[in-house]
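Read the structure below first, then the notes.
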Amino acid sequence: MLGNLADLVATGLASEPTLRKWLKDQGDCAWIRKRGSNGDAYEIEIPAAITAWKEREAEKAAAEREKSALLGQMALDLGLSAPSGPSISIADRRALIEEEIAATKLGQLRRELVSVLSVEAAVGDILSRYAQRAATYGARLAKKIDLSREQLAAIEAMRMADQSWFAEQLRNWGRDIVEDGGDSGTALASAAGNDGR
């Protein structure tokens, strides 16, 4: 059934300005037989136009549901409760983001949150200093106590085993910390077993 814009408005789909703008935005459509202009009416296949409008509205509703689900998931990921309802408005989104910003700032002021980069830099500096001191541990100990070469080798083996275990813990930092699989006693026993006795 062919009709004009007034006939399409009469179906109750939307207001005349809304439908006029929608028709103007449509590309080449088989159901628009003739585009309207000043003094010349549209020729539209009304049933096909109704179907196209309903498909458009269904796509918009699906997109809104998807955006709402994504934002709800984002709120859950941030530890916030998402507003209830079929969709989240721009005001709700802004409120979620502002709440997260406020929580982050408060955490920083309470010193509950610190920059990852500053933590990594501090830990790296401490470990570097420790590694330098640990490398001379055996020599420094030998100056204070009379130790045999075998005892120094055992101490160094134990220190190296502990250092390896500690490095493994750091590699797994952030992932569930590994169980204490480093047994420095094993390193000591193996070093003592190689002392020629």
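The values are calculated or read from the model by the stated rules, or taken from the named source; none is laboratory data. These figures come from a predicted structure and were not determined experimentally. Virtual Cβ from ideal backbone geometry, glycine too; neighbours counted across all protein chains shown. These area figures cover heavy atoms from the full protein model, side chains too; ligands, DNA and RNA do not enter into them. Shrake-Rupley method; radii C 1.70, N 1.55, O 1.52, S 1.80 Å.
Summary table
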| read-out | value |
| --- | --- |
| Filtered residue count, segment 1-18, keeping only those that are without any contact (Cβ under 8 Å) to a residue 24 or more places away in the chain and crowded, with 16+ Cβ neighbours inside 10 Å | 1 |
| Selected residue (only one of LEU96, LEU113, LEU109, LEU117 is modelled with pLDDT under 85 and touching a Gly at 6+ places or on another chain (Cβ under 9 Å)) | LEU113 |
| Given (1) open to solvent by 60 Å² or more (accessible area, probe 1.4 Å); (2) closer than 28 Å to ASP162 by Cα, number of the condition LEU113 does not satisfy | (2) |
| Boolean, LEU170 is outside any helix (DSSP H, G or I) and hydrophobic (A, V, I, L, M, F, W, C) | no |
| Residues located in segment 38-62, provided they are open to solvent by less than 50 Å² (accessible area, probe 1.4 Å) and in a loop (DSSP other than H, G, I, E, B) | TYR42 |
| Candidates ALA142, ALA122, ALA153, ALA135 - the one that is free of Cβ contacts under 8 Å to residues at least 12 places away in the same chain, surrounded by 10 or more Cβ atoms within 10 Å (Cβ to Cβ) and in contact with a helix residue (DSSP H, G or I) (Cβ under 7 Å, 6 or more places away or on another chain) | ALA142 |
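Let's see how each residue does on (1) within 30 Å of MET74 (Cα to Cα); (2) touching a Pro at 6+ places or on another chain (Cβ under 6 Å); (3) among the acidic types (Asp, Glu):
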| site | (1), (2), (3) |
| --- | --- |
| GLU100 | yes, no, yes |
| ALA103 | yes, no, no |
| GLY107 | yes, no, no |
| ARG111 | yes, no, no |
| LEU127 | no, no, no |
| ARG133 | no, no, no |
| ARG140 | no, no, no |
| ARG149 | no, no, no |
| ALA154 | no, no, no |
